[in-house]
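K.L.:
Could you have a look at this structure, given as structure tokens, before my questions?
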Amino acid sequence: MGQHYTENFVQCTLSAMGDKLAGSTIVVGGDGRYYGKEATEKIIRMCAANKVCSVKTVVEPFVMLCRIVFLQQQNLNYCAHV
């Protein structure tokens, strides 16, 4: 990833909202894998600088469940081939 990629991506996304951004509520979510905490902290700071009223953070439980099922399925398939 390039330097300041996250910040540039987030600012472009926020800017695209135009007049709807100020006073709005933004929901930030992810699947709990890579760089989530750091990215969320940056997004919250950037939202505050862009006059967003509130930020809600969530970790997508469905995506996490799919990952668990996928990993379990891979393990079962591996064991079945042994």
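What follows is calculated from the coordinates using simple rules that are stated; it is not laboratory data. Everything numeric here is computed off the predicted structure, so don't read it as measured data. Heads up, the Cβs are rebuilt from the backbone with ideal geometry, glycines too, and the neighbour counts pull from every protein chain shown.
K.L.:
Out of residues 5 or more away from Val28 or on other chains, whose amide H comes under 5 Å of its own, with H placed 1.01 Å from N in the peptide plane?
P.N.:
Placed amide hydrogens put Lys56, Thr57, Val58 under 5 Å from Val28.
K.L.:
If I model a spin label as a point 7 Å beyond the Cα along the Cα-Cβ vector, how far apart are those points for Glu41 and Asp19 in nm?
P.N.:
3.7
K.L.:
Could you give me the ³J(HN,Hα) list for segment 35-47, computed from phi with Karplus coefficients 6.51, -1.76, 1.60 and θ = phi - 60°, whole Hz, x at Gly and Pro?
P.N.:
For segment 35-47, the Karplus-derived couplings read 6, x, 5, 5, 5, 4, 4, 5, 4, 4, 4, 5, 5 Hz, x marking Gly and Pro.
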